[in-house]
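Colleague: Please see the structure below; I have some questions.
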Amino acid sequence: MISDQLRLINARLPQGTSLVCVSKFQPESAISEAYEAGQRVFGESHVQELQRKHEALPPDIEWHFIGHLQTNKVKYIAPYVSLIHAVDSPRLLAEISKQGQRCGRSIPCLMQLHVAEEETKHGFALAEARDYLMANEWRELTGARLVGFMCMATFPDAQPQIASEFAQAEELALWAEHNIDQQMTVRSWGMSGDWPIAVEHGATLVRIGTQIFGERHYD
Ligand SMILES: *Cc1c(COP(=O)(O)O)cnc(C)c1O
């Protein structure tokens, strides 16, 4: 049961860490069930699907966009998205800021860090992230607000590898919080297969889908 899984996970999350319920490729009925159980924060990774669900489901849901976001689609979600997790380029952040300004908002964003070995993963390399933050140009992007970092670990088989990747992300995040901006407090890492490791390495948000809903429905 969805409500049982939510209860189990919430019971294991330490104070200061909260759950993003990843509902991509899950039907609205499943989201409603989680909503009835008290969950309000949901993560989606496709713009069209998010648009459809945002229109159909209760207005007090906080929608997080967790997937790779194309610059030409930012405008569709800019009016309402609560947090964009995977900002993987300066160009994307600039576009989010532009669309945020257009809506009179400052859209909360996370910088995606590339810590995994897989080349398919997006994001800033650690040194790149440091340089970008120290250069300060991002501070002029008033329609977007950097509030922390996100990363995805190498696919969950090698546990020591995953721990080391989360540790690297945590180190950078703490450096930024202390040296760049005290508002950069959000650390989004951990999915169904690796969230307990992420919690040990400072995650403040875990993004969990299949452990709550079961397998995704791709048709
Ligand atoms: C799909 C997805 C998740 C959730 O993955 P599960 O293994 O189903 O928990 C988390 N983060 C991102 C970025 C995703 O795309």
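Colleague: At q = 0.13, 0.14, 0.15, 0.16 Å⁻¹, what is the log10 ratio I(q)/I(0) for segment 95-144, with the Debye formula run over Cα points and no solvent?
Modeller: For the requested q values the scattering log ratios are -0.39, -0.44, -0.50, -0.56.
Colleague: Starting from the Cα of residue 183, step 7 Å along the direction of its Cβ; do the same at residue 71; then give the gap between the two resulting points in nm.
Modeller: Between residue 183 and residue 71, the label points sit 2.3 nm apart.
Colleague: For segment 1-88, report the translational diffusion coefficient in µm²/s to the nearest whole number, using Stokes-Einstein at 4 °C, 1.567 mPa s, and a Kirkwood Rh over Cα pairs.
Modeller: Values: Rh = 13.6 Å.
For these conditions, the coefficient is 95 µm²/s.
Colleague: Determine, from the Cβ-Cβ distance of residue 219 and residue 120 and an R0 of 22 Å, the FRET efficiency 1/(1 + (r/R0)^6), rounded to the nearest 0.05. Write out the running numbers ahead of the final one.
Modeller: On the way: r = 23 Å, r/R0 = 1.06.
According to the calculation, E is roughly 0.40.
Colleague: Could you give me the ³J(HN,Hα) list for segment 158-170, computed from phi with Karplus coefficients 6.51, -1.76, 1.60 and θ = phi - 60°, whole Hz, x at Gly and Pro?
Modeller: Rounded to whole hertz, the list is 8, 4, x, 4, 4, 4, 5, 5, 5, 5, 5, 5, 4.
Colleague: I need the calculated FRET efficiency for the pair residue 157 and residue 210, taking r as the beta carbon distance and R₀ as 22 Å, to the nearest 0.05. Mind dumping the intermediate values first?
Modeller: Details: r = 16 Å, r/R0 = 0.72.
Plugging the Cβ-Cβ distance into 1/(1 + (r/R0)^6) gives 0.85.
Colleague: If you don't mind, there's one more thing I want to ask. How high is the relative contact order of the chain, in percent, with contacts defined as C-alpha pairs under 8 Å that are six or more residues apart?
Modeller: Numbers: 405 pairs, mean separation 44.6, N = 219.
Reported relative contact order: 20 percent.
Colleague: Let me ask something additional. Once you have a ≥ b ≥ c as the square roots of the Cα gyration tensor eigenvalues for the chain, tell me rounded if a/c is under 1.5, and otherwise prolate or oblate according to whether a/b is larger than b/c. Let's see the in-between values first.
Modeller: Details: a/c = 1.71, a/b = 1.15, b/c = 1.49.
Oblate, because a/c is 1.5 or more while a/b does not exceed b/c.
Colleague: Round to the nearest 0.05 the FRET efficiency obtained for residue 7 and residue 52 when R0 = 25 Å and r is the Cβ-Cβ distance. If you can, show how the numbers build up before the last one.
Modeller: Values: r = 28 Å, r/R0 = 1.12.
Given R0 = 25 Å and the Cβ-Cβ separation, E is 0.35.
Colleague: Under the rule that an exposed site lies in a DSSP loop and has at most 10 other Cβ atoms within 10 Å, name the longest stretch of the chain with no GluC sites (Glu not before Pro) of that kind, not counting the sites themselves. Could the numbers behind the result be given before it?
Modeller: Details: sites that count: 118, 119, 215.
Longest stretch, sites excluded: 1-117.
Colleague: If you plug each phi of segment 37-53 into the Karplus form 6.51 cos²θ - 1.76 cosθ + 1.60 with θ = phi - 60°, what whole-Hz ³J(HN,Hα) values come out, in order, with x for Gly and Pro?
Modeller: Calculated HN-Hα couplings, in order: 7, x, 6, 10, 10, 10, x, 10, 10, 10, 4, 4, 5, 5, 4, 4, 5 Hz.
Colleague: Sorted from fewest to most neighbouring beta carbons within 10 Å, what does the list 106, 97, 18 look like? It would help to have the intermediate numbers written out before the result.
Modeller: Values: 106 15, 97 23, 18 12.
Ascending number of Cβ neighbours within 10 Å: 18, 106, 97.
Colleague: List the residues whose amide H sits under 5 Å from the amide H of residue 149, counting only those 5 or more places along or on another chain, with H placed 1.01 Å from N in the peptide plane.
Modeller: 111, 186, 187, 188
Readers should treat all values here as calculations from the given coordinates under stated rules, not as data from a laboratory. Every value quoted in this text rests on a predicted model; they were computed, and no experiment measured them. Glycine also receives a Cβ, built like all others from the backbone with ideal geometry; neighbour counts cover every protein chain displayed.
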